[in-house]
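No value in this document is a laboratory result; all are computed from the given coordinates. As the structure is a computational prediction, the values presented were derived from the model and not from experiment. Please note: Cβ atoms are built from the backbone with ideal geometry, for glycine as well, and neighbour counts cover all protein chains shown.
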Amino acid sequence: MSEVTDHHTVSLSEQAAEWVVRLSDSQISTAQQADFEAWLAQDIRHREAYEQISRLWQSVTPQRRRKHRPAGLLASIVLVLIGIYCLPLSTWLADERTATGEIRQVALPDGSTITLDSDSAADVVFDTHARRIILHRGRIFAAVVPDAAEQGAHHRPFIIENRDGTAQALGTRYIVEQTGDHSRVSVVESSVNVTSRDRPDQSITVYSGQSIRFDSEQIHGQEPIPPAAASWVQSRLVYRNAPLSQVIDDLARYRTGFLRISGAAAQLRFTGVLPADDPDTALKILQHALPIGIDRYTRVLIWINLQT
């Protein structure tokens with residue numbers, strides 16, 4: 001499935017989810033019903049998406065409880081379900097996967113280890129030619145040892161491959177992260193060779209203490225990594241004068257639902273250590289350290305604002 005198709009599928013699912021929420025309201029107007037029928041008529045895929053999301057919604061939310069829920073909560077629940085439903089098959093079938101909030105280390109056949117961050121998925125493909133990790137989702141930390149199968153001139157390179165390209169270890173420890181529109185390699189120790197997937201002529205060596213952002217077509221400039229860039233491997237998030245927006249983005253990785261922050265609160269700065277494996281406790285630490293208010297709309301949606 002192409003990247004364009006993936007984006008279209010998510011957008012269509014979101015439209016269908018919005019209609020599921022609207023139609024769950026018994027007070028829907030005649031005009032809204034007409035709009036819904038017109039939306040269905042636009043494309044046969046609209047009806048298919050609506051029926052799929054509706055079945056998913058019906059299976060987890062009984063009617064007698066659903067009719068008493070506020071529309072905002074219904075929308076949040078449906079969007080969470082979409083996030084689960086729209087994961088690609090490669091993620092579900094990956095050799096190694098972590099759930100939201102889970103951080104797990106995996107020992108590899110050669111003695112190396114990889115650590116998968118929350119909500120990550122990867123395949124491990126070792127053969128006589130290469131030691132290859134295929135990252136389908138999320139973030140991974142690799143601690144690489146010399147190839148035990150090395151004989152004479154034969155050497156199996158250690159490569160982390162993903163949607164945007166490859167990151168081949170020239171040393172020991174590094175992080176590869178895949179986000180919605182790009183990937184990032186951060187080198188903790190030694191160096192890594194990064195190559196874009198569609199431009200194999202574009203390759204660069206990234207050295208210890210540096211990171212680089214890249215996509216399938218180009219490699220962007222290098223920048224220094226934070227001193228504790230790999231602290232999440234030990235379930236800790238370490239910050240030094242970091243914007244609160246970055247901190248909240250990081251915490252969102254470790255909990256199900258939605259963390260949202262106002263523009264005013266996002267400008268605050270934080271220095272300290274937070275537990276990655278307990279985001280609710282982390283939020284309490286932030287509330288004690290900074291002048292912020294935290295409004296909880298059930299466990300699904302949390303709004304962070306500047307306290308006045």
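Some observations on this one:
- Neighbour-count ranking [beta-carbon atoms within 10 angstrom, fewest first] of HIS155, HIS129, HIS182: HIS129, HIS155, HIS182
- Convex hull of the stretch 235-306 built on C-alpha atoms - directionally averaged projected area, nm²: 4.0
- Backbone phi angles across the stretch 247-258, fed through the Karplus curve with coefficients 6.51, -1.76 and 1.60 (θ = phi - 60°), yield HN-Hα couplings of 4, 5, 4, 5, 5, 4, 5, 9, 9, 7, x, 10 Hz in residue order; Gly and Pro are listed as x.
- Restricting the calculation to Cα atoms, the stretch 90-224 shows an Rg/Rh of 0.95 when the hydrodynamic-style radius is the Kirkwood one.
- Diffusion coefficient (Stokes-Einstein, Kirkwood radius over C-alpha pairs, 20 °C, 1.002 mPa s) for the stretch 181-308: 131 µm²/s, rounded to a whole number.
- Exposure proxy for LEU259, LEU170: other Cβ atoms within 10 Å of each Cβ, ordered fewest to most, give LEU170, LEU259.
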